[in-house]
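The values are calculated or read from the model by the stated rules, or taken from the named source; none is laboratory data. None of the values given here were measured: they were computed from a predicted structure. Because the Cβ atoms are built from the backbone with ideal geometry, glycine has one as well, and the counts that use them run over all protein chains shown. With ligands, DNA and RNA removed, areas are computed over all heavy atoms of the protein, side chains included. Shrake-Rupley method; radii C 1.70, N 1.55, O 1.52, S 1.80 Å.
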Amino acid sequence: MKDERFYKAYMEHRTVSRRGLLRGLLKGAQAIPDSSPVNHHQKAEVIRPPGAANEAIFQQFCTGCGDCVSACPEFLIVLNASLPELDFISNYCTRCDRCVRACNTGALQSSLFNINARPELNHACQNSYMYCDSCSGRCDKKAIQWQSGRAPVIETELCDGCGECVFVCPVKALEMVVI
């Protein structure tokens, strides 16, 4: 678990956006899921850990034990309403696969690494004003194409959803969104 030292160190080097603050404060205010029949093509409304099965199967198999939470060395996985989800506020996924190995229920599977979110350019990119290639320079999958004097182009079909580009963007122009 994150302790006071983690948060203190984090706050010394980063600022929390209004959206991030409200998101953290209002995370617990979610609707109670209904007991209607399971829809096997249900889309997740939150970002699930790597290797998560489709949402209906994930909710059926996940017990909320928290093994994936304690296995994550980046402290990226949090429990919300007894189900794990990714919180890209303070880090990105390093693809270590520890969460998948820790899951004994089958909710997380060791098939191809994939997260159900992709980066989206939601704010002004500083590359329009000065040279910046921090997001494209850190993308191992080459999913972000740098353009001189313009915002980068994100090729979502090449992206695996790790969130490193969002984490390294100095102006927070990128944001992870559920696909």
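List the helices (runs of 4 or more DSSP H) inside the range 51-155, counting only whole elements, that have at least 2 residues being surrounded by 15 or more Cβ atoms within 10 Å (Cβ to Cβ) and of a type in the set (Phe, Trp, Tyr).
Numbers: elements: 55-61, 67-71, 98-102, 134-138.
The helices (runs of 4 or more DSSP H) meeting that bar are 55-61.
Within the group 124, 107, which residue is among the aliphatic types (A, V, I, L, M) and more than 18 Å from the chain's Cα centre (by Cα)? Write out each step before concluding.
Values: 107 fails: more than 18 Å from the chain's Cα centre (by Cα).
So the residue among 124, 107 that is among the aliphatic types (A, V, I, L, M) and more than 18 Å from the chain's Cα centre (by Cα) is 124.
Report, ordered by the first and then the second residue, all pairs with beta carbons closer than 6 Å, sequence separation of six or more or different chains, a first member in the range 121-140 that is within 15 Å of residue 155 (Cα to Cα), and a second member that is open to solvent by 60 Å² or more (accessible area, probe 1.4 Å).
136/146
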